[in-house]
Every structure is written in structure tokens, then in C-alpha cells.
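The values are calculated or read from the model by the stated rules, or taken from the named source; none is laboratory data. Predicted model, so just to flag it, every value in this text is computed and none were measured. We place every Cβ from the backbone using ideal geometry, glycine too, and count neighbours over all the protein chains shown.
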């Protein structure tokens, strides 16, 4: 008789059933599909569903299903070739009102999805996808910060009533010119008290003026550059999440570059649009001294002003100086105005932006302020057979309303449609790109190559597992068959846990699975050899089983903990494929401990542990 507790039988049984259930979704391969999303005021509804079906039928392109989701439509096709034809047809038929992108739709049954069971996401090397290397324009960060300091210095000089001749950009900072040394000294004191990010130096201009150079400190420049990289990485992650890409790789490479890998994405143009698109707001003062219609007709606009247009084409002349920009927004949410019932965006500013908005509205109650909506999308053109990467920027004045009262940190922006308000709030929440980026390298891994890698990986796992199962059964006989059962469930549990957690499977991950299986059989070898040793020493069969598990326990745990430490180091210090290998290995080690020490013990006790059965020998 054995002393294996009954509750452990239940534990092993429940784990085996759950492992089988949650590993099952990986049998269902994803299906080629086309995803349709609405732009601006377009809608995803039954009318669009009928139009899509009619367009595909007219083009003689067979489709399997058209389903409407929360904010998108998914058209399923039988294979990749038909999917590509359908995508081209729908892109031409729907125009700019909709975004048509290639995607992969899950085929996992609804009852499995209802309990959280899902297929394991595949990496770029298995599923196919696109790879981008982006270069961040650090000069744009510098120019943007310079303009901010220029506006701040002008504001300080006006508040302190210090006269100056001119304040302009110069080198890595700002230069202010005064008529007297006394005015320059006053400015130095005022600016130095307001900010510590600038090196202030005195100089004389060729015309005899007294100049003050406010150069941005080198450590501040480095901090700004790194902050721009960090913000861009965060923004890209948010945008890729909106695309529905599973487990993308987005990380900084070097000082000014970002690597983006999007598994499963086949449309590089759509990926470029999503990664590079920006949407933000700028608030400008209205110039009441200029007639917008006259400025539009003659083209005569003051140097400090700029001619904009509203959505209906009405001209508006606003000051170039930005009161508050989108990068000073900390939160934005779409809603409806309580008085008019029209869609709006509720905006929350950071402390610096709130202070500037409060100062401006305090001094300009009764005057107008324009809200400019700026949207930038990357454009790829073919010139002389080569790709030329450019961008298209549209600037529209949402409203140019009269300031009715003083406000600062929180306020509403109106003048948008409901769809525009939702899109803008999402863009603002995900963050604007701190600096523009150029695509310096791109590559596409086709789904056929990914399928070939999957076949090779499956073949390696099946071949390795089969050889191990056969060797264990021949050498250890019945105990080898028990180890084989545990090893198969080890693989099932590993796949199930990786699927539930959402670990992306890559070629290095497959190597980690094979290594984990090898470690699992090693543990069973230790147990079997220990049982044989106990039998040679004269122990009874049941005593040998008990002693085999008890005495091999410390050795197995020590070996697994050592490997677990190594895998944690890979996870902490590695990135991309190396980190994925470490995660797979760590999960496999933990599961191996359970299957080797608990599952095999339960099966062995079930076979040999009848209370009234006396064993004379063991088949080991």
C-alpha cells in the first residue's frame, strides 16, 4: 500500500483535464480575413455589410462570412490568395472612408473562448509579418523645445515689463537682444529664476546691442532625446495594441532607433499608417485685427499670424504662438456637451499647460481662441520605381469660439463629430509622437515561410518526443510508460499555460519546449534509477517506490531551480527571441517539477497501491 494522499489524485486529475482543454485551441488554425474599420464619420453597420457582400459578389470573389464586431467588420476567406483579392477589391470600393487591412481571424469554438481558452500567439518567424527599423528625428525635439523656451522667455519679459529688441532662435537655444546692459541683467535674473535648464551668457551684437544667449544645457538635451524615444515607444505600443497585433516587439535600439515587429500583419502600408499617424490639438489666439476673407483673397497675412480653414472652408486667421499643445494633455475622453448635446472631448492639462491656459484666458475673456486639429499620416509614393516616404498633414480649425470665462486645467473642446471625438480622444490618450520618425529598414516575412517554419518546428518536437518516449519505454518498461504519459501531459500543460498567459511562440520558443521536455525526462530517469537502487538494496517494492521519490526529490528540485535561475536571467536581461526562449524555458521547468514529482507518483501509486495487494517485484 502507498501513502499517496487522495486529494493529490484529484489535483492531478483536474490539472490533466484543464491542460487538455486549454491546449485544444491550438489545434484550430487562424483563418485569413480582411478587417474593415471606419474613418471619421463613416459607420460600421448592416448597410455596409450588404455593400461589402455585393462588392465581393460582383468581383466574383468567394467569401465565407461577414461579421460585425464592436468597432470593425471582419470578412473571412478560404485562403490567403482569395484574401488578397478581396482586400484589393474592398480597398478600391470603400475608398478613404474606411481602412481595409489584412488580418487573421480565430476559428476557436465559442464555448472555448467563453472560458478564456485561446490559441497561442505565433511570433514573426512562425506567423509571418513585418519588421520595421525607425529612426527618430532628434533635431525636431530640439527645435520644438527651443520654440517652447522662446515663447516662455517672451512671456517672462512681458510680465516683468523688461523692454527688448528681438527674441529669436539661435544655435541650441534662444537669443534675446536688449538696448542696455541693465535690461539684459534684469532679464538674466528673471529667466534664471524661472528655469534652470538654460545656460545664460552675455554677448554683444555687431550692431552694438546687448545680447543674452540662453542655451539648453547638454544634460537637458540628452534627457529630452531619451524622453522622446521613450514616449515614442509607449505611443507605438498603444497604437499597435489598437491594431490587435498579438505580442508585438517594440523596443529601443541604440540611441535614436526603434525596432518594431508585428507578427501576422501582412499589409505594410496599413502598418506604416498606424505607426506614423499623429493626431493632436493646438490652441491659438484669434487675431481680431485681420479680416480672414481679405487675407484669403490677397494672401496678405501678418508675419506672426497664419491663415487656417474650418471644416466648412471658412477662413480663420490665428496667431502662430501656441498657447497649449497636445503633448501637454494628460487625459482626454469623448463625451457630449451638457448644454448643446453635441459631441466633445474633455481635456485635462498638465501643470505647465494649465498655468499657461489660465494666464491666457484671464487676460482674454471676451476674445476668441481657435482650436486647431492636426492630423499627420505617412504616405508612400513610388518615384522612378523606388519607394519615397513622405507624410501628409491636415490642419483644421474645429472652432473659434469666444472665451466666456476663465479656465485652466480642465475644459471641453467641441466642433467634432462623434466619431472624430472618439478617434481624437484615443489618439490623445495614447500620446502623440514626441518626434517624427523615418522608416530606414523594413522587411516582410510571408505566411508561407512562417508555415514552413511551423512544420519544421512541429517535426522537431514530434521526432524528439517520439525517440524519448520509445527509449524510456524500452529501458524502464512499465515505469518508462508512466514517464511517457507524464511527458505527453507535460507538453500539453506547457502549451496550455503558454496559451493562457499569452506567450508568443517563436522558433527559439520551440527550442525551449524541447529543452524543457528533455529536463522532464531527466527527472524521471533519476526517480527510476533511485527505485532500482532501493530494490537492489533489498527494499520491498512499495518501500522502494516511496524511497525513490523521497530521495530523488532534493536532487530534482536543485537541478530545476538552477535552470530556473538561468531562465529568469534570460528574461530579465534578454529581449525579443532571447526573452521568449527564457519565458518558455521557465514555464517548462515549473511544469516539469509537477509532472515528474506529482503526476508520475500519482499514476505509479494508482497502479501499484492497492491496499490489500502485496507486490513481489516491480517492472522497472
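When residue 176 is tested against (1) outside any strand (DSSP E or B); (2) over 25 Å from the mean Cα position of the chain (by Cα); (3) surrounded by 20 or more Cβ atoms within 10 Å (Cβ to Cβ), only condition (1) is not met.
Does residue 454 fit the bill of being in contact with a strand residue (DSSP E or B) (Cβ under 8 Å, 6 or more places away or on another chain), closer than 23 Å to residue 591 by Cβ and at pLDDT below 80? Yes: the conditions hold for residue 454. Residues in segment 125-158 that are at pLDDT 80 or above and within 30 Å of residue 455 (Cα to Cα): 4 in all.
Among strands (runs of 3 or more DSSP E) entirely within segment 1-115, having at least 2 residues that are in contact with a strand residue (DSSP E or B) (Cβ under 9 Å, 6 or more places away or on another chain) and without any contact (Cβ under 8 Å) to a residue 60 or more places away in the chain singles out 65-68, 72-76.
When you go through 541, 508, 554 one by one, which is the residue that is in the same structural domain as residue 20 (by TED's automatic domain parsing) and loosely packed, with under 14 Cβ neighbours inside 10 Å?
554
Take residue 73 and decide whether it is in the same structural domain as residue 601 (by TED's automatic domain parsing) and either crowded, with 16+ Cβ neighbours inside 10 Å or within 30 Å of residue 311 (Cα to Cα) (or both). No; evaluated as a whole, the condition is false for this residue. When residue 411 is tested against (1) more than 30 Å from residue 582 (Cβ to Cβ); (2) in contact with a strand residue (DSSP E or B) (Cβ under 8 Å, 6 or more places away or on another chain); (3) modelled with pLDDT of 80 or more; (4) surrounded by 14 or more Cβ atoms within 10 Å (Cβ to Cβ), only condition (3) is not met.
Residues of segment 117-154 that are under 17 Å from the mean Cα position of the chain (by Cα) and part of a loop (DSSP other than H, G, I, E, B): 121, 123.
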